[in-house]
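Only one structure is covered here, and it is reproduced in the block below.
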Amino acid sequence: MKAGLGSLPADDDRWAYEIKWDGYRTLAFVEHGAVRLQSSNRHDVTATYPELEQLSSGVHASTAVLDGELVVLDDGGQPRFELMQRHERQAVFHVFDVLRIDAHDTIALPYEDRRRLLDQLVEPGDNWLVPGHRVGGGDELLAVTGTHGLEGIMAKRLGSTYVPGKRSPNWRKIKHRRRVDVVIGGFTSGDGNRASTFGSLLVGRPDGESLVFAGGVGTGFDQAMLESLTARLNDIAAPDCPFDPPPPVAYRRAARWVLPHLSATIEMTEFTNDGLVRHASFVELHEGTH
């Protein structure tokens, strides 16, 4: 079951709220002492996370199917997606739903019943836990996650069933966004309905006399902005890369460079440990590199 992006529900007391953990969505199949882990694209990732091998010892059933998020925390206790990607330290499985217990499917049960069963089913261990949730008070939890630098919260409608493989309006991702100004140093060619404009802006942040690459921004443009900005970018086309050091090869292959004469305000969730924007979208264009 997948969630859509959304805002805080108006009928707050009809929803439960959980912290949104920034990691890898994973299903855990517990079968008579063995554990199999499956990624969201159905790949077997069991061997990648040997720290979850003993998960069955914390599950009070012979067989179970659990849904959750594999998360890696940094030294300050913050979830870091980059650390999850590199798997340089052990992951913790945050179990937030249960699909089956022994011979009984649980997906048709209401959310609150599944959560109650989950709390009884899973005993916390060194590398797994059942994170808390609350009914109502979504605005308060969202504010707390913002204070602690977390990504946001999940809102799940009380009484809702679990729909495998589908995106449901009964689950909402509510993310914190921040606005930053970046300098435009290039763009990538577009395809499909963007074949005549561009795919993504390549942006950077000033650092002394250098412009440090900060990733790509490919969403947030309406058609009028795509067309007018393409004309502006073509007017300031340049033969040389303005970023120092140059971007990774994956970005350079399809890049066209421009003089760094324009800046933009973007919205994003965070800068990664590599200094790249994450989940970024365009807001507005500015003259100059302020």
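The values are calculated or read from the model by the stated rules, or taken from the named source; none is laboratory data. Nothing here was measured: the structure is a model prediction, and the numbers come from that model. Cβ sites come from the backbone with ideal geometry, for glycine too, and all protein chains shown count toward neighbours. Accessible surface areas use protein heavy atoms only, side chains included; no ligands, DNA or RNA. Shrake-Rupley method; radii C 1.70, N 1.55, O 1.52, S 1.80 Å.
What the table shows:
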{"quantity": "Simple spin-label estimate for residue 279 and residue 107 in nanometres, 7 Å along Cα-Cβ", "calculated": "2.5 nm"}
{"quantity": "Potential extension, residue 32-residue 259 segment - 0.36 nm per residue separation minus Cα distance", "calculated": "75.5 nm"}
{"quantity": "Order by protection proxy (mean Cβ within 10 Å, highest first), peptides 230-238, 85-93", "calculated": "85-93, 230-238"}
{"quantity": "Carbon plus sulfur fraction of accessible area for the chain, probe 1.4 Å, in percent", "calculated": "49 percent"}
{"quantity": "Packing-based ranking, highest mean first, of 155-163, 240-248 given that Cβ atoms within 10 Å are counted", "calculated": "155-163, 240-248"}
{"quantity": "Shape call, region 1-110: gyration tensor on alpha carbons, a/c limit 1.5", "calculated": "oblate"}
{"quantity": "Mean shadow area of region 70-192 over all directions, Cα convex hull, nm²", "calculated": "12.1 nm²"}
{"quantity": "Label-to-label distance, nm, for residues given as residue 168 and residue 252 (7 Å Cα→Cβ offset)", "calculated": "4.8 nm"}
{"quantity": "Extension gain, residue 231 back to residue 195 (0.36 nm per residue minus Cα-Cα distance, nm)", "calculated": "11.6 nm"}
{"quantity": "Per residue value of the accessible surface for region 88-169 (all protein chains in place, 1.4 Å probe), Å²", "calculated": "50 Å²"}
{"quantity": "From phi via Karplus (6.51, -1.76, 1.60), per-residue ³J(HN,Hα) for region 167-172 in Hz, x at Gly/Pro", "calculated": "8, 10, x, 7, 10, 10"}
{"quantity": "Kirkwood Rh, angstrom, the chain [1 / mean 1/r, Cα pairs]", "calculated": "21.3 Å"}
{"quantity": "Relative contact order of region 184-290, pairs being alpha-carbon contacts under 8 Å that are 6 or more residues apart, as %", "calculated": "28 percent"}
{"quantity": "Cα centroid of region 62-91 to Cα centroid of region 112-166, whole Å", "calculated": "16 Å"}
{"quantity": "Cα lying deepest toward the dipole's positive end in the chain, options 234, 208, 91, charges on Cβ", "calculated": "234"}
{"quantity": "Added length on full extension, which subtracts the Cα-Cα distance from 0.36 nm per residue, residue 60 to residue 210", "calculated": "48.3 nm"}
{"quantity": "The chain, relative contact order [Cα under 8 Å, separation at least 6], %", "calculated": "18 percent"}
{"quantity": "Distance-filtered residues of region 144-188 - backbone nitrogen under 14 Å, label point 7 angstrom along residue 11 Cα→Cβ", "calculated": "156-161, 169-171"}
{"quantity": "Spin-label pair residue 120/residue 75, simplified geometry with 7 Å Cα→Cβ offset, distance in nm", "calculated": "4.4 nm"}
